[in-house]
1. Please go through (1) touching a Phe, Trp or Tyr at 6+ places or on another chain (Cβ under 7 Å); (2) buried (at least 17 other Cβ atoms within 10 Å of the Cβ) for Ser68 and return the number of the only condition it doesn't satisfy.
2. Report, by residue number, each residue of region 139-154 that is modelled with pLDDT under 85 and over 23 Å from Asp17 (Cβ atoms).
3. Going residue by residue through region 25-45, is there one that turns out to be over 22 Å from Thr188 (Cβ atoms) and in contact with a helix residue (DSSP H, G or I) (Cβ under 8 Å, 6 or more places away or on another chain)?
4. Does any residue of region 129-138 turn out to be outside the structural domain of Gln96 (by TED's automatic domain parsing), small (Gly, Ala, Ser), at positive phi and modelled with pLDDT under 75?
5. Go through region 170-197 and count every residue that is surrounded by 16 or more Cβ atoms within 10 Å (Cβ to Cβ) and either at pLDDT 85 or above or part of a strand (DSSP E or B) (or both).
6. Mind listing whichever residues of region 127-146 are among the hydroxyl-bearing types (Ser, Thr, Tyr) and surrounded by 19 or more Cβ atoms within 10 Å (Cβ to Cβ)?
7. For region 11-27, check the following and say yes or no: at least one residue is in contact with a Phe, Trp or Tyr (Cβ under 6 Å, 6 or more places away or on another chain) and either under 18 Å from Leu202 (Cα atoms) or in the same structural domain as Ala193 (by TED's automatic domain parsing) (or both).
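The values are calculated or read from the model by the stated rules, or taken from the named source; none is laboratory data. Keep in mind that this is a model prediction, so the values were computed, not measured. Positions of Cβ are backbone-derived with ideal geometry, glycine not excepted, and every protein chain shown enters the neighbour counts.
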Amino acid sequence: MHTKVKLEAEEAVRILDGAVAAHCQIVIEFASAPGRTVNGTLLSGDSQSLLVQVTGNPAFEWSKFAGSRCEARIYHDRRYSAETNVLDLPKWGETQGITLAKPESIAVLDRRRFLRAKLAPSSKVEIEWKTDGSDHRQAVSLLNVSADGMACRVDDAMVSGLEKGRRLRVRFSLPGGNQSIELGARVTNLTPASVGASIMGLQFTTSKEDAESIRALRLAIEREESGVRDEGVFA
């Protein structure tokens with residue numbers, strides 16, 4: 001069981017504003033669907049609400065969650081939890097969003113590391129793709145990763161070659177740096193995040209050659225969720 005320590009209102013506002021500015025990861029669990037989580041990135045926020053971009057394309061009937069209560073777990077300098085509710089479920093193209101009421105209070109949790117959500121500040125993913133017969137390779141900031149996909153920050157100079165639907169390969173390291181994961185993926189969305197940069201959502205594609213890597217990633221995530229390696233982060 002996690003120990004929760006409620007923060008003072010002023011500190012809670014500071015943490016939430018900092019998490020939005022850093023486009024931190026947020027994991028949402030709806031009260032009506034216990035045990036199933038939605039992985040996303042904080043895109044923006046104001047005094048009333050937080051806008052989340054969902055990572056990947058989870059199989060939810062989104063309309064059922066309109067106005068529902070949920071727990072939001074936010075991963076910034078530490079792991080935080082807040083009770084809130086869904087204000088809206090916007091969608092742009094194939095990208096699913098969730099607008100949450102800005103929590104009035106948040107609590108810090110005892111566990112500081114969570115593989116699917118908490119990454120080292122220097123986390124990188126290497127992306128390889130082809131454009132007009134030319135090979136390209138670039139290391140970009142990895143924001144979050146789950147067994148279904150990931151989100152990363154890319155410079156706008158790269159975006160012209162990484163349009164939605166583009167197939168590519170990604171390579172990143174598991175905690176401890178003992179195992180490298182390489183997977184096929186496709187671009188699901190590109191959302192402007194700040195001046196000169198966008199957040200790119202990727203969904204892993206399934207193939208025979210990637211089956212073992214997907215299995216290793218799922219097992220690593222399961223280990224972290226069960227608390228076996230609370231201190232692990234992606235290198």
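1. Single failed check for Ser68: (2).
2. Val145, Ser146, Ala147, Asp148, Gly149
3. Yes - at least one qualifying residue is present in region 25-45.
4. So the first thing to find is which residues in region 129-138 are outside the structural domain of Gln96 (by TED's automatic domain parsing), and the list is 129-138.
The next check asks that each one be small (Gly, Ala, Ser); those that pass are 133-134.
Now narrow it down to the ones that are at positive phi: 133.
Add one more test, that the residue is modelled with pLDDT under 75, and what stays is none.
Within region 129-138 (the criterion being outside the structural domain of Gln96 (by TED's automatic domain parsing), small (Gly, Ala, Ser), at positive phi and modelled with pLDDT under 75), the answer is no, since none of the residues qualifies.
5. Here is the first cut: in region 170-197, the residues surrounded by 16 or more Cβ atoms within 10 Å (Cβ to Cβ) are 170-175, 181, 183-185, 187-191, 193, 197.
Applying the additional criterion that residues be either at pLDDT 85 or above or part of a strand (DSSP E or B) (or both) yields 170-173, 181, 183-185, 187-191, 193, 197.
Here the count works out to 15.
6. First, pick out the residues of region 127-146 that are among the hydroxyl-bearing types (Ser, Thr, Tyr): 131, 134, 141, 146.
Passing the criteria: only Ser146.
7. Yes: one or more hits.
Yes or no, residue by residue, for (1) surrounded by 12 or more Cβ atoms within 10 Å (Cβ to Cβ); (2) under 20 Å from Val145 (Cα atoms):
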| residue | (1), (2) |
| --- | --- |
| Ala12 | yes, no |
| Ile28 | yes, yes |
| Gly35 | no, yes |
| Ser49 | yes, no |
| Thr55 | yes, yes |
| Ser63 | no, no |
